[in-house]
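Worksheet: the structure to be examined is printed underneath.
The values are calculated or read from the model by the stated rules, or taken from the named source; none is laboratory data. Keep in mind that what you see is a predicted model, and the values were worked out from it rather than measured. Please note: Cβ atoms are built from the backbone with ideal geometry, for glycine as well, and neighbour counts cover all protein chains shown. These area figures cover heavy atoms from the full protein model, side chains too; ligands, DNA and RNA do not enter into them. Shrake-Rupley method; radii C 1.70, N 1.55, O 1.52, S 1.80 Å.
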Amino acid sequence: MIKVKNLSGSYGQEEVLHQLQAEFPVGKVNVIIGPNGCGKSSLLKSIIGLLPKQQGEIYFGEESLTKLTPKERSKRIAYLPQSKVSSKITVFQMVLHGRFPHLSYPRRYTKRDNKIAQEALETMGIENLAEKSLSELSGGTVQKVYLAMILAQQTPVILMDEPTANLDVAHQKKVMEEAKLLAKEGKTVIMVLHDLTQVFSQADHLVIMERGRIRQMGSPEEIYHSDVIQKVFGISMGRFQIGKEWKYYYC
């Protein structure tokens, strides 16, 4: 479990996170939602250590993440940022980078590292692109490569900032299915998403942010029956049932 206690963070003199208190349970797909600029991505960056905290603490279980070295933290947390670099490196080499935190001296990739990277490619359905350069690929395909890289990192915590961006509907569905599988394996999955219909259908636990603060937390069912979506987003949501699944829509 990731716990955030009394966390504040800033870019320079501008404080963007204000005394946050939040928990992200193990074995759940946790989704952070909120209006643009409310601090969702900043919260992920604080957890991974890219945004220095001004006060408060972040825990992985009982372990303080802020006291770990970057390498130690990268063994516990994989992070997929919203913006990605498309370079001339091959797809396989990029995915193999996910194994870097696990290397010991001398830093050489082993047969096991190569096997794990290959399996991650296959999971994302891009094994046929292994020798392609990232610079030759579309934005959606580059997204899949980065997703494969964080799978290869094999960390207990996975952070993803807009992982379904630039993907078609079929691949958005695959990403969410993979997130569910990772959670079932006992990982803590934390995502930032914008599509509320997708969020309510797929998430296990929601954290709603507004103006750098946590507005409310709970299950999709709890959030749906509250008035927080109307207050934060200015919209209403409805739903209908197909079989055992609820389908959500804006109204």
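You can think of it this way: the chain between LEU103 and ARG211 has 34.9 nm of extra reach, that is 0.36 nm per residue less the Cα-Cα gap.
Result for the chain in a Gaussian network model with C-alpha springs under 10 Å: among GLN241, GLN93, GLN82, the largest mean-square fluctuation is at GLN241. Within the chain, the longest run free of GluC sites (Glu not before Pro) that sit in a DSSP loop with at most 10 other Cβ atoms within 10 Å is 63-130. Remark: segment 77-139 carries 60 Å² of accessible area per residue (probe radius 1.4 Å; ligands, DNA and RNA excluded). Between LYS67 and ILE235, the modelled label-to-label distance comes to 4.3 nm, taking each label 7 Å out from Cα in the direction of the beta carbon.
Shape analysis of segment 54-110 places it in the oblate category; the axes a ≥ b ≥ c from the Cα gyration tensor give an a/c of at least 1.5, with a/b not above b/c. Summing Cβ point charges (Lys, Arg +1; Asp, Glu -1) relative to the Cα centre of the chain gives a dipole of roughly 600 debye. Multiplying the residue separation of ASN114 and VAL169 by 0.36 nm and removing their Cα-Cα distance gives an extension gain of 16.8 nm. The sum of -39500 (n - 2.57) across all DSSP H runs of n ≥ 4, divided by the residue count of the chain, sets its helix-only mean residue ellipticity at 222 nm to -9500 deg cm²/dmol. Using a/c under 1.5 as the rounded threshold, could you call segment 178-222 rounded, prolate or oblate? The axes a ≥ b ≥ c are square roots of the C-alpha gyration tensor eigenvalues, and prolate needs a/b larger than b/c, oblate otherwise. Cα axes put segment 178-222 in the prolate bin. For segment 10-72, the per residue solvent-accessible surface stands at 50 Å², with DNA, RNA and ligands left out and a 1.4 Å probe. Between the Cα long axis of helix 139-153 and the first principal axis of the chain there is an angle of about 80°, rounded to the nearest 10. For the chain, with all protein chains in place and a probe radius of 1.4 Å, 50% of the accessible heavy-atom surface sits on carbon or sulfur.
Using the structure shown, select from LYS28/LYS247; LYS115/LYS247; LYS40/LYS132; LYS3/LYS111; LYS132/LYS173; LYS71/LYS180 the pairs with a Cα to Cα distance greater than 31 angstrom. Pairs exceeding 31 Å: LYS115/LYS247; LYS40/LYS132; LYS3/LYS111. Taking a ≥ b ≥ c as the square roots of the Cα gyration tensor eigenvalues, the chain comes out oblate, since a/c reaches at least 1.5 and a/b does not exceed b/c.
Taking the C-alpha atoms only, the angle from helix 111-123 to the longest principal axis of the chain is near 50 degrees.
Stretched out fully, how many nm does the piece from ASN36 to SER219 gain, at 0.36 nm a residue minus the Cα gap?
Stretched out fully, the ASN36 to SER219 stretch lengthens by 63.7 nm.
Based on protein heavy atoms only, segment 144-251 ends up with 47 Å² per residue of surface accessible to a 1.4 Å probe. In the chain, the longest principal axis of the Cα atoms and the axis of helix 169-184 are about 90 degrees apart. Mind telling me which of SER74, SER42, SER138 comes out most flexible in a GNM of the chain, alpha-carbon contacts under 10 Å? Looking only at SER74, SER42, SER138, the largest GNM fluctuation is found for SER138.
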